[in-house]
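Here's the structure, in structure tokens; my notes come after.
The values are calculated or read from the model by the stated rules, or taken from the named source; none is laboratory data. Keep in mind that this is a model prediction, so the values were computed, not measured. All Cβ positions, glycine included, derive from the backbone under ideal geometry; neighbour counts span all protein chains shown. With ligands, DNA and RNA removed, areas are computed over all heavy atoms of the protein, side chains included. Shrake-Rupley method; radii C 1.70, N 1.55, O 1.52, S 1.80 Å.
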Amino acid sequence: MAVILLLVSASQATAHVSEQGLALLLPTDFYITSGVLAVIASIILISVTPKALVARIFRPLALPGSEGPAWIADVTSLVSMAVFFALVYVGFSGPRDPLTNLFPLVIWVGFWIILFSTIGLTTNLWRYLNPWTGFYTVLFGRDHSGLLSLPQRLGAWPGLAIFAAFCCFYIADPAPLDPDRLAAIVLLYWVFTLLAMIAFGATCWMTRGEAFSILFDLMSRVGCLGHSRKRAVGLPGWDLLSTTPMPLSLALFSIVILGVGSFDGLKETFWWLGLIGINPLEFPGRSYVISSSLVGLGASCIGLIAVFAATMWLGEKLANMDATAKQTVGVGTLIRRFAPTVLPIALAYHMSHFLITFLVDGQYLLAAIGDPLANGSNLFGLGQIRVTTGFLNTPDSVKAIWLTQASIVVAGHILAVMVAHHVALDVFANTRRAILSQIPIAAFMIAYTFFGLWLLAAPRGI
């Protein structure tokens with residue numbers, strides 16, 4: 001009788017999740033049009049800007065002093081490793097709620113949102129924060145070159161494969177926020193990376209196999225301080241203008257970063273959920289869409305690579321229409337030269353896509369830092385933080401958030417246009433050929449701007 005009464009008296013339960021659940025119904029047509037027109041205007045303006053002025057715009061300013069001794073990075077890496085294992089312990093022993101367990105919040109908010117964006121805006125902080133190199137140096141010294149040789153022909157393909165596996169987990173896994181599951185996977189990856197460094201050497205594996213070292217090295221090229229050890233500061237993107245073509249594996253890595261970010265936004269829209277036959281207002285759960293998410297992710301990345309290659313092919317054909325053309329630049333070379341120019345767009349999408357998550361889950365992260373073991377602590381006065389989402393309940397604040405997201409996307413596209421034009425001036429013999437070659441990529445940038453702004457404005461069902 002007690003069981004029967006309990007079942008009969010059951011009522012609707014309420015709960016919340018850390019992911020975005022917002023149908024943003026704003027009059028965004030005007031803003032999307034304005035953003036696209038801003039990109040078009042920047043394309044026209046940069047096309048008529050003299051080559052010398054374009055070069056001067058991106059010329060960095062040397063900073064005084066030196067980078068400092070190498071042991072500093074080793075010390076910070078050891079500290080990072082200690083923090084890493086402490087967080088793994090919290091992941092296994094802390095509360096099962098991913099919004100109160102510090103470990104998943106650090107991984108998905110601190111690492112994937114804050115650190116990614118900070119590196120993209122400044123420089124490669126990861127070489128000081130990775131939890132391997134300091135420990136490796138203590139064990140083997142700086143001159144250890146590994147037990148095996150990683151074939152040069154592999155390039156950075158191992159790192160790209162590992163990044164693809166990470167993206168599959170992040171996009172399609174049923175429970176990427178589960179503290180136990182996430183802690184086990186991250187710990188296994190730490191062990192795997194250390195063993196790979198022992199096998200192939202720290203420098204080799206960190207530049208060709210460790211996915212996040214490669215990712216952050218690429219993204220730091222967008223930052224105002226660049227990725228290199230040169231002490232210089234300049235307009236964001238100045239370090240993307242190397243005259244040496246990027247290896248094909250790294251070029252495709254750059255495009256995949258953009259493809260993953262784009263699909264991560266697309267899979268949440270009503271349009272995508274309708275395409276795979278799901279009512280967006282009755283989402284059945286992540287386990288129901290694993291296969292469609294994997295197929296969509298793969299199709300997005302492969303399709304984007306194909307479109308980018310077609311853009312490069314058509315740009316070369318148009319450039320060679322110039323009667324003064326004396327040499328042909330291969331499509332492969334163009335892909336290797338122009339692929340880094342999409343990184344500002346990838347950074348802009350990442351920042352805009354996760355802005356609301358950062359505003360909400362960042363509060364949970366601060367609260368968890370104040371009470372890392374969920375035992376009632378109040379470290380740094382953060383333990384009593386009360387998370388609020390009130391800024392998502394009024395049209396004015398939501399409009400301000402959307403305009404901020406849209407501005408980031410438009411700025412990223414304008415920067416990409418400027419970098420691409422500088423690269424075109426360097427690759428082709430004269431300004432006329434450079435402008436002709438840029439017509440397809442300009443169309444690509446305009447279309448992608450519209451797509452990105454539409455992604456931000458589209459109602460979401462997850």
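Could you give the length gained on full extension between Lys399 and Asp29, defined as 0.36 nm per residue of separation minus the Cα-Cα distance, in nm?
131.9 nm
Sorting 185-196, 280-291 by their mean Cβ neighbour count within 10 Å, with the most densely packed peptide first, gives 185-196, 280-291.
With Cα atoms as the point set, segment 233-305 shows a radius of gyration and Dmax of 16.9, 51 Å.
Size descriptors for segment 188-309 (Cα atoms only): Rg and Dmax, in that order, 18.5, 53 Å.
Rounded to a whole number, what is D in µm²/s for segment 103-185 from Stokes-Einstein with the Kirkwood radius over alpha-carbon pairs (4 °C, 1.567 mPa s)? Answer from the Stokes-Einstein relation: 83 µm²/s. Applied to segment 161-168, the Karplus parametrisation 6.51 cos²θ - 1.76 cosθ + 1.60 on θ = phi - 60° returns per-residue 3J(HN,Hα) values of 5, 5, 5, 4, 5, 4, 5, 4 Hz, with x for Gly and Pro.
Cys301 contributes an accessible area of around 20 Å² to the protein surface, as traced by a 1.4 Å probe with all chains present. Our coupling estimate for segment 101-109, obtained by passing each phi through the Karplus curve with A = 6.51, B = -1.76, C = 1.60 and θ = phi - 60°, is 7, 5, 4, x, 5, 5, 5, 8, 9 Hz, Gly and Pro reported as x. So, with +1 on the Cβ of K and R and -1 on the Cβ of D and E, and no other charges, what is the size of the charge dipole of segment 169-306 about its Cα centre, to the nearest 20 debye? That gives segment 169-306 a dipole magnitude of about 520 debye. Its alpha carbons give segment 274-383 an Rg and a Dmax of 23.4, 75 Å.
Starting from 0.36 nm per residue, how many nanometres of slack lie between Asp143 and Cys224 once their C-alpha separation is accounted for?
So the extension gain works out to 26.0 nm.
Sorted on the mean count of surrounding Cβ atoms within 10 Å across their residues, most packed first, peptides 161-173, 107-119 read 107-119, 161-173.
If the chain linking Val387 and Leu61 were pulled fully straight, counting 0.36 nm for each residue of separation and taking away their Cα-Cα distance, it would gain 113.1 nm.
Selection among Phe444, Leu160, Val83 by position relative to the dipole of the chain gives Phe444 as farthest towards the positive end (Cβ unit charges, Cα centre). What's the local net charge at Met206, with K and R +1, D and E -1, over the other residues with C-beta under 12 Å away? Summing Lys and Arg as +1 and Asp and Glu as -1 gives 0.
With a ≥ b ≥ c the root eigenvalues of the C-alpha gyration tensor of segment 300-362, is it rounded (a/c under 1.5), prolate (a/b larger than b/c) or oblate? The partial results should precede the final answer.
Values: a/c = 4.18, a/b = 3.15, b/c = 1.32.
It comes out prolate by the Cα gyration axes.
Computed per residue of the chain from DSSP H runs no shorter than four, each worth -39500 (n - 2.57), the mean residue ellipticity at 222 nm is -20000 deg cm²/dmol. Which value, in debye to the nearest 20, describes the size of the charge dipole of segment 307-447 about its Cα centre when Lys and Arg Cβ atoms bear +1, Asp and Glu Cβ atoms bear -1, and nothing else is charged? With only Lys, Arg, Asp and Glu charged at Cβ, the dipole is about 480 debye.
Considering lysine pairs in the chain that are 8 or more places apart or on different chains, how many have Cα atoms under 26 Å apart?
Total qualifying Lys-Lys pairs in the chain comes to 5.
Cβ neighbours within 10 Å, averaged per peptide: list 125-135, 53-63 in order, most packed at the top.
Going by the mean number of other Cβ atoms within 10 Å, highest first, we get 125-135, 53-63.
Report the relative contact order of the chain, percent, no decimals, based on alpha-carbon pairs under 8 angstrom and at least 6 residues apart.
Relative contact order of the chain: 26 percent.
Kirkwood-type hydrodynamic radius, the chain: 24.0 Å, calculated from all non-identical alpha-carbon pairs.
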